[in-house]
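S.K.: Mind looking over this structure? Questions follow.
The values are calculated or read from the model by the stated rules, or taken from the named source; none is laboratory data. Please read these numbers as outputs of a predicted model, since none were measured by experiment. Positions of Cβ are generated from backbone atoms using ideal geometry, with glycine treated the same way; all protein chains shown enter the neighbour counts. Heads up: the accessible areas ignore ligands, DNA and RNA and are worked out on the full protein's heavy atoms, side chains in. Shrake-Rupley method; radii C 1.70, N 1.55, O 1.52, S 1.80 Å.
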Amino acid sequence: MADPSSYRPKPGQIPDSPGVYRFRDDHRRVIYVGKAKSLRPRLSSYFQDLANLHPRTRTMVTTAASVEWTVVSTEVEALQLEYSWIKEYDPRFNVKYRDDKSYPYLAVTLNEEFPRVQVMRGAKKKGVRYFGPYGHAWAIRETVDLMLRVFPVRTCSAGVFKNAERTGRPCLLGYIGKCSAPCVGRVTPDEHRELAEEFCDFMAGRTGAYIRRLERRMTDAAEEMEYERAGRLRDDIGALRRAMEKSAVVLADATDADLIAVAEDELEAAVQIFHVRGGRVRGQRGWVTDKVEEVDTAGLVEDALQQLYGEESGDSVPKEVLVPALPEDQVATDALSQWLSERRGSQVSLRVPQRGDKKDLMATVGRNARQSLVLHKTKRASDLTTRSRALEEIAQALGLDSVPLRIECFDISHLQGDDVVASMVVFEDGLARKSEYRRFQIKGFEGQDDVRSMHEVIGRRFKRYLAEKERTGEWTEENEGSTAPGENGENGENGDNGDNGENADDTTGQIPAAPGENGHAGPFGPSSLKEDDGRPKRFAYPPQLVVVDGGRPQVAAAKRAMDELGIDDVAVCGLAKRLEEVWLPDDDDPVVLPRSSEGLYLLQRVRDEAHRFAITYQRAKRAKRIRTSPLDDVPGLGETRKQALIKHFGSVKKLRQATIEQICEVPGLGRKTAESVAVALAGTAPAAPAVNTATGEIMEDDGGSTHE
């Protein structure tokens, strides 16, 4: 636990200007990002008597080891910079709303030649129109099923569409009139796109004019005694009205607005959002967050607006955003409104509803937020209690000084000594931290030796940790007696995989201070972002506990690897599968936790997750090896020409027997490539012939057989 006075900036160092600040821990990881219209009073508020701070703010400032800031010219710039840094660094103490990416949307892929209607989740894609979000995917499918009668837009996957094009036969929906069958040319691409755009217009709320147009066409058809067509139009109108009934009218003036409500207590807050388009509720979603510092309702609303609209643009940002509270400072409110207007490209009204239908609807949204908070607390109470008890039981059983907030577990996987791999999974506060999972290939030796493999993997993991310490200046003279980080070809950890795209030396995303505001303030001023950007690094943070899948030999190997590197502040244990015994280094007897122990359950979950992650990687490597071909290593030979070669000769065996001139006969292959193919095949031994064990025949590649 750090003393905030040890890194408090000196008087006069903090500028009295708008800016964004970052707290970092002793591993240089960014743990909190904030903004202020005046940096001096805001940062000074963190360095008062700890007893006066909010409990979680107190935890944050005692976890931090330094603070730095960047000066900007306006509050809008501060808002933009704060959002980009929160997205970039994912600080553990910032307000983060959970379950944001899980909601399904109704999407229309207008970026394709033949737009498709489908259910989509996750990040939004360019060129796709989204409607929702919906509470359940089945609600989308019910709506689409009703509307396909009127707007028969394609809903099939790319594979089904191409198969229909190839065979000249549409799918079932094409036969029953719920698809216009562009795959077989029943409509032109332009006609199908017009259908898709009409579908989008209707979903966007422009419903009245379209239904009136259908009613006129129905009346005209009846007057002309085309009763079958009139009947179909009547049914179409009925289907559209049933689809409209699923989203009730809540605002009579056909308003496009988002309504945001907040329910909170001292520790947590729930946010509910209603998306109203054309006066109807078109989507709803809710978030829950921990209150990391003492933040009021307006502050929670501001965080919600950032996460809701930070990556949106155009019509995805409505003309009107209704909230329960706004910042008391009018300048901050104007900055939020300006930021939203820039995202939309036109003026956005940000206000608190005072009367009428909008105030009544805001009360409904508020009731949903309160119910969401109560439900979340009911679910989470037992989870928090159980996880805390599990960590305490582990600490007590293993004799640890404190509960292991970060646990790393390692497992080895192979198939009879082939494709030997290892996994590292990470649990923080008793929950899986999948972004920090890692995979390894065993490269120090060949064959099956789990103990030796565990020694290699643990050594590689902690060499990278020591290398990060040395790079950031944490390496001290006391470490010089141990193995230097990066020895024995470990610099760069070339053999590890699955790093989730994290780059250990990534320095992108730098945002300089405003012109004329350089003013570096020693070690605590606005430091250069090139030295350490604060992103999560591979292997940069040590665990409090290392768990290995195995018994006494694996634990001894892990401990030996850490001793060789001088790592003496990380506990090690092993969990043996047979009797679920916990083994400690240098102990002759295992620790036996009760079968009903929450600590044992947590260790089992960690071990099982490491096993799952390892075996998944091992199977993928094995499948890739099985699919390899001698032609894969021929330079300049792509997949198309490989298939042409196999198709021309029938098998790799016959291709190996062919001359260079015969290979040149394949369309698209020049002599140089043919020579490369011949050389590659000559350097690989032919596979052993397959034998029919029932008859003793040696089976040829082309399906024939010879008798020996």
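S.K.: Could you sort out which of Lys443/Lys621; Lys35/Lys359; Lys463/Lys624; Lys124/Lys291; Lys463/Lys577 sit more than 26 Å apart by Cα distance in this structure?
M.R.: Lys35/Lys359; Lys463/Lys624; Lys124/Lys291; Lys463/Lys577
S.K.: Here is a further query. Taking the solvent-accessible surface of protein heavy atoms with a 1.4 Å probe, what is the per residue accessible area of the stretch 27-127 in Å²?
M.R.: It amounts to 43 Å² per residue over the stretch 27-127.
S.K.: Could you tell me which residue out of Ser413, Ile394, Leu384 lies farthest along the dipole of the stretch 382-422 toward its positive end? Charges go on the beta carbon: Lys and Arg +1, Asp and Glu -1, centred on the Cα centre.
M.R.: Leu384
S.K.: Follow-up. Between the stretch 382-422 and the stretch 296-356, what's the alpha-carbon centroid distance in Å?
M.R.: Result: 43 Å between the Cα centres.
S.K.: What whole-number volume per residue, in cubic angstrom, does the convex hull of the C-alpha atoms of the stretch 257-361 give?
M.R.: Hull volume over Cα atoms, normalised by residue count, gives 105 Å³.
S.K.: Can you work out ³J(HN,Hα) from phi for every residue in the stretch 363-375, in order, using Karplus 6.51 cos²θ - 1.76 cosθ + 1.60 and θ = phi - 60°, giving whole Hz and x for Gly and Pro?
M.R.: The phi angles translate into 5, 5, 4, x, 5, 5, 5, 5, 5, 5, 5, 4, 5 Hz.
S.K.: So, one more: Assuming R0 = 25 Å, what is the FRET efficiency of Ser73 and Lys319, from their Cβ-Cβ distance, to the nearest 0.05?
M.R.: Taking R0 as 25 Å, the efficiency between Ser73 and Lys319 is 0.35.
S.K.: Another one. Say R0 is 51 Å: what FRET efficiency, to the nearest 0.05, do Lys125 and Thr659 get from their beta-carbon distance?
M.R.: E(calc), rounded to 0.05, equals 0.55.
S.K.: Over the C-alpha atoms of the stretch 341-471, what are the Rg and the largest Cα-to-Cα span, Dmax, in Å?
M.R.: Cα only, the stretch 341-471: 25.3, 76 Å (Rg, Dmax).
S.K.: Quick one: what are the phi-derived ³J(HN,Hα) couplings along the stretch 75-88, Karplus 6.51/-1.76/1.60 with θ = phi - 60°, whole Hz, x for glycine and proline?
M.R.: Result, ordered by residue: 6, 5, 4, 4, 4, 5, 5, 4, 4, 5, 6, 4, 5, 6 Hz.
S.K.: Here is a follow-up. Give the peptides 73-82, 542-551 in descending order of average Cβ contacts within 10 Å, highest first.
M.R.: Descending packing order for the listed peptides: 542-551, 73-82.
S.K.: Would you please give the FRET efficiency between Glu223 and Val184, computed as 1/(1 + (r/R0)^6) with r the Cβ-Cβ distance and R0 = 30 Å, to the nearest 0.05?
M.R.: After rounding to 0.05, the efficiency reads 0.30.
S.K.: Follow-up. For the stretch 1-42, would you read off the P(r) tail past 15 Å as a percentage of all alpha carbon pairs?
M.R.: So the pairs more than 15 Å apart make up 51 percent of the total in the stretch 1-42.
S.K.: Note the full-extension length gain between Asp608 and Gln354 as 0.36 nm times their separation in residues minus their Cα-Cα distance, in nm to one decimal.
M.R.: Gain on extension, Asp608 to Gln354, equals 86.0 nm.
S.K.: Give me the lysines in straight-line cross-link reach of Lys672: C-alpha distance below 16 Å, same-chain residues under 8 apart excluded.
M.R.: Those lysines meeting the cut-off are Lys642.
S.K.: Sticking with this structure for a sec: Two-decimal Rg/Rh of the stretch 1-159 from alpha-carbon positions, Kirkwood Rh?
M.R.: Across the stretch 1-159, the Cα-based Rg/Rh ratio is 1.21.
S.K.: Scan around Val281 for amide H atoms under 5 Å from its own, H built in the peptide plane at 1.01 Å from N, and keep only partners 5 or more places away or cross-chain.
M.R.: Answer set, sorted by chain and number: Ala248, Val250.
S.K.: Give me Rg over Rh for the stretch 302-388, both radii from the alpha carbons and Rh done the Kirkwood way, two decimal places.
M.R.: We get a ratio of 1.09 for the stretch 302-388.
S.K.: Now for a separate question. Rounded to whole Å and sorted largest first, list the principal axis extents of the Cα atoms in the stretch 300-352.
M.R.: Over the stretch 300-352, Cα extents along the principal axes are 28, 19, 15 Å.
S.K.: I've got another one for you. What number, in nm² with one decimal, is the all-direction average of the projected area of the convex hull of the alpha-carbon atoms of the stretch 114-153?
M.R.: Quarter of the Cα hull surface area: 3.2 nm².
S.K.: Stretch Lys443-Ala644 to full length: gain in nm at 0.36 nm per residue minus the Cα-Cα span?
M.R.: Length difference between fully extended and current span is 68.8 nm.
S.K.: List, in order, the whole-Hz ³J(HN,Hα) value for each residue of the stretch 541-557 obtained from phi through the Karplus relation with A = 6.51, B = -1.76, C = 1.60 and θ = phi - 60°; use x for Gly and Pro.
M.R.: Rounded to whole hertz, the list is 10, x, x, 8, 9, 9, 10, 10, 7, x, x, 4, x, 5, 5, 4, 5.
S.K.: Let me ask something else. What number comes out for the charge environment of His648, summing +1 per Lys or Arg and -1 per Asp or Glu over other residues with Cβ under 12 Å away?
M.R.: Net charge in that neighbourhood comes out at +3.
S.K.: Let's see if you can work this out: charge +1 on each Lys and Arg Cβ, -1 on each Asp and Glu Cβ, no other charges. What is the dipole magnitude of the stretch 385-476 about its Cα centre, in debye to the nearest 20?
M.R.: About 320 debye.
S.K.: Applying a 10 Å radius around every beta-carbon, put 338-350, 146-158, 221-233 in order of their mean neighbour count, most first.
M.R.: Answer by packing, highest mean first, reads 146-158, 338-350, 221-233.
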